[in-house]
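Values quoted throughout were computed directly from the atomic coordinates according to the rules given, and no laboratory measurement underlies them. Every value quoted in this text rests on a predicted model; they were computed, and no experiment measured them. As a convention, Cβ positions derive from the backbone with ideal geometry for all residues, glycine included, and neighbour counts pool all protein chains shown.
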């Protein structure tokens, strides 16, 4: 069939059929058990990779994050980011998000004045090729064990931070999310987001994604009418300086234990939600992902996505990233020719209202228990996929990330998919 090509500014997922593994990213000082690749984010020619279990002078598992920049087809490590006030087991780098010259790093187990494991997030700004801490963010009403910083997402001068273990009026560990806005170089908390139907142990804020004035927040442990831990996701929209809940998203075929909302991603009028523990077809925990689109003020499920070679225990949808008409979903426990739980990621393209799988991505040097797909990020014609369990020269489970780049046609008006 023949499909119209995407505009140059949009990701062309079909190009990944002829794409390539551009480079494997590793930390220059990587060591065993660093967890490098558990989180990834990309913006243009800049990528950030989190290493939440990195041992630093601040202590064991204090964590770090690495910034890489691309020149031509070569990626180079620009800087290693650490928390100036880091401590042991902060898990700095458990979540990362970058846009332009701004990077946000979550440290969900940071001990703050609010109490142990209250959590925090750090904003870094780049000038030239140097990244400097701009501000450490804390929840105004933070408390011990909130895990603020479990999820982060930045877009322009707005960012969101999830605190899925925060106790609210909904109950213990109901969860919350916080929006911050920047004026000059100062970030201020704009609003605390809560669902209108909060429940204990809902884990609201475990995942979050921001796109303009729209934010989607996942609550993978939400008990819905479909049963225990089916999961949900909430869409909020900003008008002026006020965020309002616009809609609660549920899978059309929700079932007990799906963990829908474990991963979320927003891009304009499109939202992707992962449900890694869903049991599609004859599989158990094969996983699935759902795409929702907005028309006016209403969000509707456009399509349920499944891996063409789905198998039990793959955890497809553990991670998702959508940009324009392209989407990538990670399946970190997929068995490949490289071995059991080597992991994979799947690229989908949208034509009209239909999404089609274009390519299965895997690490060229993959091996058993690499967990490739533990994190995914998509921007333009580039996909970054983390392999948190990869054994590298740094040691066992030091971790890595792989950059894939597709060929985006410049003047081609259409292309053939065989």
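Averaging Cα coordinates gives a centre for the range 353-388 and one for the range 295-335; these two points are 12 Å apart. Full extension of the chain between residue 309 and residue 127 yields a length gain of 61.0 nm, computed as 0.36 nm times the residue separation minus the alpha carbon distance. Taking every C-alpha pair closer than 8 Å and separated by at least 6 residues, the mean separation divided by the residue count of the chain gives a relative contact order of 16 percent. Cβ crowding within 10 Å, taken as a proxy for footprinting-reagent exposure, orders 78, 202 from fewest neighbours to most as 78, 202. Over the range 174-313, one equal point on each Cα, no solvent: what is log10 I(q)/I(0) by the Debye formula at q = 0.11, 0.18 Å⁻¹? Listed by q, the Debye log ratios stand at -0.40, -0.96. Between residue 60 and residue 172, the simple spin-label model (points 7 angstrom out along Cα→Cβ) gives 2.7 nm. Distance from the Cα centroid of the range 82-130 to that of the range 204-227 is 22 Å (rounded to whole angstrom). Top mean-square fluctuation among 369, 253, 117, Gaussian network model of the chain, C-alpha springs under 10 Å? Result for the chain, Cα springs under 10 Å: 253 fluctuates most. Using a Gaussian network model of the chain whose springs link C-alpha atoms within less than 10 Å, name the residue from 27, 163, 337 with the highest mean-square fluctuation. For the chain, modelled as a Gaussian network with Cα springs under 10 Å, the answer is 337. Full extension of the chain between residue 71 and residue 32 gives 11.2 nm of extra length, using 0.36 nm per residue less the Cα-Cα distance. Cβ-to-Cβ counts within 10 Å put 350, 360, 199 in ascending order as 360, 199, 350, the fewest first. Counting neighbouring beta carbons within 10 Å and listing from fewest to most, the residues 157, 223 come out as 157, 223.
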